[in-house]
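Asker: Mind looking over this structure? Questions follow.
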Amino acid sequence: MKGPNPHMKRMQPEELSPDMAAARERSIQLRGEATFFEVMGHNPDLYHWYIDRFYKELFYAERLDPKIKELLRLKLSSLHGCKFCNQGNRVDALAAGITQAQIDSVSDYMQGPFSNRERAVLRLADVMSLQNTECTLTSQLYDDLNLYFTDGEILELGMIMAFLSAVAKFIFVFDLVEKEADCPFIANHSS
């Protein structure tokens, strides 16, 4: 699988802000590449909005169990075939208390070592994925989620997944990340 090949120039480490250069270096150590950070260097305000507003204020907010959020993020990146994301998400999932057996079973979660609560969230991730054109929160799925989450928490789960899916679309369209060999969203640079 070829690596990212964006149309935009990749900025060199010395052209990046110190925090972006540090994020770039961490990405190289973890993933072996950092195109996302090199291209986002063209718009540091956008990068900081993404990190400060989405991640710090929503994703890492303490309103929902971090394990649940890491599980849904891993499920979405697995479905979307983002190698760049999967490499980081697996590390974060382990740190949040998700077991290696759960990580290995995320694609077959109905048979894997998950609680009914976790399965409900993983089913919602299936509905929220970019590939799903049936995009409907059914009464049954809502009822299953509502056993464990308030309406406000279900909305937050949905918003997090919607944003993660939108970012997946963005990074694939702009070819900013390495994809898995089976990624259903392979970029075509024919023009």
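Asker: For residue 77, which of the numbered conditions (1) surrounded by fewer than 19 Cβ atoms within 10 Å (Cβ to Cβ); (2) at pLDDT 95 or above; (3) of a type outside the set (Asp, Glu); (4) at negative phi fails to hold?
Answerer: It fails just one condition, (1).
Asker: Based on this model, can you work out whether residue 84 counts as in contact (Cβ under 8 Å) with a residue 60 or more places away in the chain and in contact with a Lys or Arg (Cβ under 8 Å, 6 or more places away or on another chain)?
Answerer: Numbers: in contact (Cβ under 8 Å) with a residue 60 or more places away in the chain: yes; in contact with a Lys or Arg (Cβ under 8 Å, 6 or more places away or on another chain): yes.
Yes; evaluated as a whole, the condition is true for this residue.
Asker: Identify the residue in the range 136-168 that is surrounded by 13 or more Cβ atoms within 10 Å (Cβ to Cβ) and of a type in the set (D, E, K, R) and, among all such residues, is farthest from the chain's Cα centre (by Cα).
Answerer: Among residues in the range 136-168 that are surrounded by 13 or more Cβ atoms within 10 Å (Cβ to Cβ) and of a type in the set (D, E, K, R), the one farthest from the chain's Cα centre (by Cα) is 144.
Asker: Right, something else. Evaluate the range 108-124: report whether one residue or more is crowded, with 21+ Cβ neighbours inside 10 Å, at pLDDT 95 or above and closer than 20 Å to residue 26 by Cα.
Answerer: For the range 108-124, residues crowded, with 21+ Cβ neighbours inside 10 Å, at pLDDT 95 or above and closer than 20 Å to residue 26 by Cα: absent.
Asker: Of all the helices (runs of 4 or more DSSP H) wholly in the range 39-156, which have at least 1 residues that are small (Gly, Ala, Ser)?
Answerer: Once the helices (runs of 4 or more DSSP H) in the range 39-156 are filtered for at least 1 residues that are small (Gly, Ala, Ser), what remains is 66-80, 83-95, 100-105, 116-128, 139-146.
Asker: Test each condition in (1) without any contact (Cβ under 8 Å) to a residue 60 or more places away in the chain; (2) in the same structural domain as residue 147 (by TED's automatic domain parsing); (3) over 28 Å from residue 148 (Cα atoms) for residue 37 and report the one that comes out false.
Answerer: Here residue 37 clears every test but (2).
Condition check ((1) without any contact (Cβ under 8 Å) to a residue 24 or more places away in the chain; (2) touching a Leu at 6+ places or on another chain (Cβ under 6 Å)) across all residues:
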{"residue": "120", "(1), (2)": "no, yes"}
{"residue": "129", "(1), (2)": "no, yes"}
{"residue": "145", "(1), (2)": "no, no"}
{"residue": "150", "(1), (2)": "yes, no"}
{"residue": "174", "(1), (2)": "no, no"}
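The values are calculated or read from the model by the stated rules, or taken from the named source; none is laboratory data. Quick caveat, the model's predicted, so the values are computed rather than measured. Reconstructed Cβ throughout: ideal geometry from the backbone, glycine too, with neighbour counts over all protein chains shown.
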